[in-house]
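Let me begin by presenting the structure, written as structure tokens, before commenting on it.
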Amino acid sequence: MRDFSKDHRWLSLNTATVRKQGDLVAIIEACARHGIRAIDPWRDQVASVGLERAARAVRDAGLELTGYCRGGMFTSDAAHRIEARDDNRRAVDEAKALGAPCIVLVVGGLPQYSRPGSAVSKDIIEARNQVHDGIAEMMEYARGANMRLAIEPLHPAYAGDRACVNTTKQALDLCDALDPKRSGALGVALDVYHIWWDPELLSQIARAGKDRLMAFHVCDWLVPTRDILNDRGMMGDGVIDIKSVRAAVEAQGFAGYSEIEIFSEEWWSKPMDEVLRTCIERHRSVV
Ligand code: ZN
């Protein structure tokens, strides 16, 4: 396992971590100030400064990307299916322009939440079928752009509104079904927040193997968690044994960045430089 205690060269910043403190250009400037070498930007942050300007800022700062957040939300009623497809195609085009290695997929929960305006459904089995078909369709387009797709399983608390793929096993079952030859086109983005509790986690990480481990996200699980979406903890403030999960992914050969992704009203209320200083310190001590 790599030693992170001496420097933060393998720290990537998911830009949602400081989304309320500044726009994407300001975040990129802050990364340069703090010697952060990689980011994973969100589509809305890119859109608000403009794709071209965002791509130029990334290039000028010499930043690497560890992903692009996010594609997915495949579940919808029939009237919204084309919208979902086209939206994901645009995500591929943007990811390509930005130089991202993969698109992180949050696959969608029930249609009325994933694609607002869709007819109300309680059929989670059908939602999961749509996810399968939606990824298959997106893969065709992504293949043409040589863009990889990384399914991010989300904690089961999000099954209704954000993602009906809730375990690493489920995500890998989709990989096996849709890319049985392991072409490298499809894999997983593992986020400790979503998966730390899973009794099958270590065996599923071993099953994934290096080629399907496309991204590794870190933060912490606070006890109690007051808001499932926006009360993530800074690494070290919660109960996740982050090092043991990193050891498991690195044992498979994963040698990429540890991407810090914290959605937190508390951390959004602090100055950007203070948040980044804390991220760097915790990356060295507890990641
Ligand atoms: Zn994540």
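Just so you know, all these numbers are worked out from the coordinates, no wet-lab data involved. What you see is a predicted model; the values in this text were computed from it and never measured. Virtual Cβ from ideal backbone geometry, glycine too; neighbours counted across all protein chains shown.
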Need the list of aspartates and glutamates near Lys20 for cross-linking: C-alpha distance under 12 angstrom, and skip anything on the same chain fewer than eight residues off. Glu265, Glu266
List residues of the range 183-224, by number, whose backbone nitrogen lies under 13 Å from a label position 7 Å along Cα→C-beta of Met1. none
Hull surface over four for the Cα convex hull of the chain, reported in nm², is 13.7 nm²
Highest mean first, how do 171-184, 6-19, 235-248 rank when packing is the count of other Cβ atoms within 10 Å averaged over residues? 6-19, 235-248, 171-184
Which one, Val92, His8, Phe216, is farthest towards the positive end of the dipole of the chain when Lys and Arg carry +1 and Asp and Glu -1 on their Cβ? His8
Just tell me which lysines come within less than 27 Å, Cα to Cα, of Lys6; anything on the same chain fewer than 8 places away is out. Lys210, Lys243, Lys270
Can you give the log10 of the normalised intensity I(q)/I(0) at q = 0.11, 0.17, 0.21 Å⁻¹, computed with Debye over equal Cα scatterers of the range 7-107? -0.33, -0.73, -1.03
For Cα pairs less than 8 Å apart in space and 6+ apart in sequence, what is the mean separation divided by the residue count of the chain, i.e. the relative contact order in percent? 20 percent
Give me the base-10 log of I(q)/I(0) for the range 161-232 at each q in 0.19, 0.26, 0.27, 0.28 Å⁻¹, Debye formula, one uniform scatterer per Cα, rounded to two decimals. -0.81, -1.27, -1.32, -1.38
Counting only DSSP beta bridges with both residues in the chain, tell me the antiparallel percent, nearest 5. 5 percent
Two-decimal ratio, the range 177-287, of alpha-carbon radius of gyration to 2.2 N^0.38 Å: 1.14
Which of the three applies to the range 104-257, rounded, prolate or oblate, going by the alpha-carbon gyration tensor with a ≥ b ≥ c and a/c under 1.5 meaning rounded? oblate
Quick one: grab the alpha carbon gyration tensor of the range 36-165, order the square roots of its eigenvalues as a ≥ b ≥ c, and give me rounded if a/c is under 1.5, else prolate or oblate depending on whether a/b is larger than b/c. prolate
Aspartates and glutamates within cross-link reach of Lys169: Cα-Cα under 12 Å, excluding same-chain residues under 8 positions apart? Glu152, Asp198, Glu200
Of the DSSP H helices in the chain, those whose Cα atoms cover at least 27 Å axially and whose Kyte score averages -1.0 or more: 124-144
